[in-house]
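Just below is one structure, and these are the notes that go with it.
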Amino acid sequence: MSQVLIAEDNEGIASFVAKGLKAAGYAPVVVGTAREAWEHAQTGEFDLLILDIGLPDADGFSVLRRLRESRNAMPVIVLTARSSVTDTVAALEGGADDYMPKPFRFEELLARVRLRLRAEPGATSGDATVLTAGELSLDLRTRRARVGEREVDLSAREFALAEMFLRNPGNVLSREQLLSRVWGMDFDPGSNVVDVYVRYLRKKLGADTIETVRGMGYRLSA
Ligand code: CA
């Protein structure tokens with residue numbers, strides 16, 4: 001199981017990311033300062049670092065710089081403010097492997113985490129790149145969906161939703177779970193967006209792909 005270090009002082013964001021990573025099968029550890037980020041990163045126990053730039057004691061750049069100066073090549077995904085082009089450029093020049101502008105949706109970050117952990121030499125190849133269930137298959141690398149021989153065009157959000165179902169075969173997923181995992185932080189709990197997108201998926205993938213479990217949520221049909 002890949003160990004992911006999260007250096008983020010905003011507790012809301014940190015626990016949101018940690019919960020999501022745990023659900024996706026990773027082992028996350030959260031720290032809230034640059035000093036702790038540096039200390040933990042040095043132990044060699046972590047496969048990836050998610051690094052916020054705005055940390056209370058020193059900025060994330062200083063951690064990144066020290067890591068690269070000490071020839072530590074662990075993959076680093078930097079969290080930057082969406083508006084800050086300077087931060088983004090500085091992060092990549094400073095040796096970050098990728099960046100994630102805030103605010104972000106969890107699935108966007110997860111896609112980057114998966115990509116980085118797959119790109120890492122010596123990483124376990126257990127992380128499937130094609131998910132299948134019956135006739136339906138999703139290629140996580142090319143973001144293509146197929147039903148039998150037919151290629152289906154899914155929007156990014158539809159793909160993320162379909163991926164959630166395929167990663168949890170047989171499990172009932174509640175609207176709340178789907179909202180937080182696929183739509184991220186900026187969802188309105190009263191929204192019917194999940195139902196709307198399930199309808200889209202049924203239209204594209206087949207009416208009986210996803211079953212409604214009354215009062216509980218949705219489940220991928222067996
Ligand atoms: Ca911060």
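One table, with the values for the structure above:
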| read-out | value |
| --- | --- |
| Residue in segment 61-76 that is of a type in the set (Phe, Trp, Tyr), within 15 Å of the ligand (Cβ to nearest atom) and within 15 Å of the chain's Cα centre (by Cα) present | no |
| Matching residues in segment 31-55 - criterion: being without any contact (Cβ under 8 Å) to a residue 40 or more places away in the chain, assigned to a loop (DSSP other than H, G, I, E, B) and within 12 Å of the ligand (Cβ to nearest atom) | 32, 33, 53 |
| Test: residue in segment 17-39 that is more than 27 Å from residue 178 (Cβ to Cβ) and exposed (fewer than 15 other Cβ atoms within 10 Å of the Cβ) | yes |
| Enumeration of residues in segment 1-30 that are within 16 Å of the ligand (Cβ to nearest atom) and not acidic (Asp, Glu) | 5, 6, 7, 10, 12, 13, 14, 15, 16, 17, 18, 30 |
| Whichever residue in segment 58-104 is polar (S, T, N, Q), more than 20 Å from residue 45 (Cα to Cα) and outside any helix (DSSP H, G or I) and, among such residues, is modelled with the lowest pLDDT | 83 |
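The values are calculated or read from the model by the stated rules, or taken from the named source; none is laboratory data. Quick caveat, the model's predicted, so the values are computed rather than measured. Every residue, glycine as well, gets a Cβ built from its backbone with ideal geometry; the counts of neighbours run over all protein chains shown.
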